[in-house]
Amino acid sequence: MFVFQNCTFQKCNTGVISDKTMSKTELEGFRNKIRAELDRTVDFWVKHSHDQEYGGFFTCLGKDGTPYDDLKYVWLQGRQVWMYCRLYRTVDRFRTPEILQAAKAGKKKLKPLFHSLVTTAPKRQCGPGMQNNQTDHVGLRTELHTERVKQLKLFSLNKEESGHPSEAVRVMDQIVHWVRVDPSGLGRPEMPGAVPLNAMAVPMMLLCLVDQLEEGRGELAEKYSELGQWCVQQILQHVQRDGTAILENVSKDGKELSGCQGRHQNPGHALEAGWFLLQYAVRHGDEGLKRTAIEKFMILPFHAGWDQQQGGLFYFLDVDGHCPTQLEWSMKLWWPHCEALIAFLMGYTETSDPRLLERFSQVYSYTFTHFPDSEHGEWFGYLNRKGEVELDFKGGPFKGFFHVPRCLYMCERLLDGLLGKPQAS
């Protein structure tokens, strides 16, 4: 890992000029702020989200942490268990009985939902996406997100408890079957006029799972080697228009689609894909993929997605400059900024390219002056274009204990590496 050295920024190809030198003191400042913010975020969810009566986690939390609905979104339950396990295993200050017991309680709450995935029945189906307090299934979220995080949760807990992740592997293999062979188990009817497409979210999620399964397990790295390569190639199909744009949806054979669907851009997704690809490239020693991850999936979408007038990253864009049809397109959401912080800091760690540290500093400045709630803790998730809080809840159908703590956790560890600080294994 690259250890900190002083560097002077020069004009980079995105037009930003800086003649300042990033000192060790400034990097320490980033690290200390991020560390403190991670502690506050964990404290918020530990304090407010644990359901002591029925188990699991409240996912609908208001500004001050008060639950405003007892619906528990399954994919956010799984993400919270995964995040607790990651913190417990790798960060000394979070290696507490409270964190571990909360993760185990979350596993217990979710365990019945795996029946449809680990059964030997010939027709396996996605599990329910929502529960109420009594564990009654009240809604079906027929998306791969739910199955992905349940698999992540199982793998982390199995690893924590020193068991072989056989159940997680079975779920993973079922997900791969849905993606590459037969999607009927997702419960979505295939409409005769629908155009088959390659949505970038799917290979991204699978590549993330491959990374998790390969972590410290050589036999699984070998088992999923071909799948990782397939995911990378599927993601690279989204580099379009002679390398000048990342498009969210392309055809199955990697061609641009017509209409709004084909012109759709999601800068946050592209940045997240960038650091997924970079991790894969570093692990496999692929210098060409490393360059592509940084130039095409980090610098390019950031340049297109940054609001030059108000600051922050647009949620959605139209590659031809038309007004996007999504009503929230100009909002500034928490998670794209989280992905940008991880991407640019990871990119700088691997390359020492000063452009990337400059971008990290730029995103850091916007993020930490707009999203954190200094009064109650955690982050607001939904700002308008001007950067004003539009929705003040801290947890909902899409925002839970995941993007913020994952970002802060990863950035703290990356900064520790740059500063030469020891890390817990």
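Brief remarks on what is shown
- Close pairs from the stretch 318-339: first more than 25 Å from ILE294 (Cα to Cα) and touching a residue at least 24 places away in the same chain (Cβ under 8 Å), partner open to solvent by 10 Å² or more (accessible area, probe 1.4 Å) and hydrophobic (A, V, I, L, M, F, W, C), Cβ under 7 Å, at least 6 apart: PRO324/PHE316; PRO324/LEU317; THR325/CYS260
- Of all the residues in the stretch 63-89, those that are open to solvent by 10 Å² or more (accessible area, probe 1.4 Å) and in contact (Cβ under 8 Å) with a residue 24 or more places away in the chain number 12.
- Set GLY268, GLY288: member being of a type in the set (Gly, Ala, Ser) and out of contact with any Pro (no Cβ under 7 Å at 6 or more places or on another chain): GLY288
Listed here are the residues, each with its yes/no results for (1) open to solvent by less than 60 Å² (accessible area, probe 1.4 Å); (2) at pLDDT 95 or above; (3) within 17 Å of GLN308 (Cβ to Cβ).
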site: GLY347; (1), (2), (3): yes, yes, no
site: GLU350; (1), (2), (3): no, yes, no
site: TYR366; (1), (2), (3): yes, yes, yes
site: ASP373; (1), (2), (3): yes, yes, no
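- Close Cβ contacts (under 9 Å, 6 or more residues apart or on different chains) running from residues in the stretch 297-311 that are touching a residue at least 24 places away in the same chain (Cβ under 8 Å) and under 18 Å from ALA201 (Cα atoms) to residues that are part of a loop (DSSP other than H, G, I, E, B) and open to solvent by less than 10 Å² (accessible area, probe 1.4 Å) comprise PHE297/HIS238.
- The C-beta contact set for the stretch 197-219 (first residue within 18 Å of GLY78 (Cβ to Cβ) and at pLDDT below 90, second residue charged (D, E, K, R) and open to solvent by 20 Å² or more (accessible area, probe 1.4 Å), distance under 6 angstrom, 6+ apart or interchain) is empty.
- Of the residues making up the stretch 374-425, those that are charged (D, E, K, R) and assigned to a helix (DSSP H, G or I) are ARG406, GLU412, ARG413, ASP416.
- Selection over the stretch 284-310 of residues that are closer than 16 Å to ARG385 by Cα and surrounded by fewer than 18 Cβ atoms within 10 Å (Cβ to Cβ) gives a count of 5.
- Residue in the stretch 233-272 that is farthest from LEU197 (Cα to Cα), counting only those that are out of contact with any Phe, Trp or Tyr (no Cβ under 9 Å at 6 or more places or on another chain) and assigned to a strand (DSSP E or B): ALA245
- Scope the stretch 387-420; condition under 18 Å from SER352 (Cβ atoms) and surrounded by fewer than 16 Cβ atoms within 10 Å (Cβ to Cβ); matching residues: LEU419, GLY420
- Taking residues in the stretch 224-241 that are without any contact (Cβ under 8 Å) to a residue 40 or more places away in the chain, and partners anywhere that are outside any strand (DSSP E or B) and surrounded by fewer than 18 Cβ atoms within 10 Å (Cβ to Cβ), the pairs with Cβ atoms closer than 7 Å and at least 6 places apart or on different chains are GLN237/GLY254.
The values are calculated or read from the model by the stated rules, or taken from the named source; none is laboratory data. No experiment lies behind these values; they were computed from the predicted model shown. Glycine also receives a Cβ, built like all others from the backbone with ideal geometry; neighbour counts cover every protein chain displayed. Areas reflect the complete protein model, heavy atoms only, side chains present, ligands, DNA and RNA absent. Shrake-Rupley method; radii C 1.70, N 1.55, O 1.52, S 1.80 Å.
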